[in-house]
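Working notes, beginning with the structure itself.
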Amino acid sequence: MKKTSNQQTAGGRFGIRRLVLMALFIALSYVVSRLEFPIFPATPYFKMDFGNVFILLTGFLLGPVEGVIVCVAKEALRLIGSSSSGAGEVANILMACSFILLPTIVYRYKKGIKTVILTLCLACFIGTGVALLVNRFIVFPLYMGEAAAATFKGAFWFAVAFNLIKTASVSLVSVLLYKRLSYFLKSGAVSLEGDKAYGK
């Protein structure tokens, strides 16, 4: 009985080792999200960061629910010192979750590199579409007030290009990191959602 209880603690959905891994990804996602930079001089308020890499990796390694939890926890940390009263963080959660959910949910049932690439490509377009809506109706009104509609109209194509570049970059980095992480973690120390690497 004791052995079974220990196995459940170690390998259950919220076992100790998995929680430690999630906490690590929350910290990494938070720190990396602070290293943001603009990519278009005309729209310096669109800032690139790779914090979502660790949210996406969580979804692939542990499952989509855990990915969402890491995303929410990371944004909760960003509330410290935030000037948006939480609205900006909610916007970030909506954009990140719209991007990670399709590929991580599908990966639970159908693994393989082709599936990953296809679902990530679709996720880039879904994430970009949701980001446009969130920017138009949450972010721009929050920071630009009455000028939100006109500013967003002028920046529309920059927003499209920015979000496609961001989601594609996050996807590429995540795929490159996944195999290394999965081989390391599949040693048995952590119970993973995906029991096969991309290429198998």
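Measuring nothing but alpha carbons in the chain and taking Rh as the Kirkwood radius, the Rg to Rh ratio lands at 1.02.
Order of 149-159, 98-108 by packing, highest average Cβ count within 10 Å first?
With the highest mean Cβ count within 10 Å placed first, the list reads 98-108, 149-159.
In angstrom, the C-alpha Rg and Dmax of region 130-176 are 12.7, 43. As an exercise, identify the chymotrypsin sites (Phe, Trp or Tyr not before Pro) in region 19-91 lying in DSSP coil whose Cβ has no more than 16 other Cβ atoms within 10 Å. Here the sparse-neighbourhood loop sites are TYR45. Tell me the angle of helix 148-185 to the major Cα principal axis of the chain, expressed in degrees between 0 and 90 and rounded to the nearest ten. Approximately 20 degrees, to the nearest ten.
Post the alpha-carbon centroid distance, region 103-132 to region 161-179, in whole angstrom. Result: 11 Å between the Cα centres. Legend: Rg and Dmax of region 7-82, from Cα coordinates, 14.6, 55 Å. Among GLY63, GLY88, GLY145, determine the one that fluctuates most according to a GNM of the chain built with springs between C-alpha atoms less than 10 Å apart. Its mean-square fluctuation being the largest, the pick is GLY145.
Cα-Cα over 25 Å: which of LYS114/LYS179; LYS47/LYS179; LYS74/LYS153; LYS110/LYS179? Going by Cα-Cα distance, LYS47/LYS179; LYS74/LYS153 fall outside the 25 Å limit. Axis angle, to the nearest 10 degrees, between helix 2-11 and the longest C-alpha principal axis of the chain: 30 degrees. Computed from Cα atoms, the angle from the helix 52-61 axis to the main principal axis of the chain rounds to 30 degrees.
Coordinate-derived values only; no laboratory data. Note that the coordinates shown come from a computational prediction; the quantities given were computed from them, not determined experimentally. Cβ: placed from backbone, ideal geometry, glycine included. Neighbour counts: every protein chain shown.
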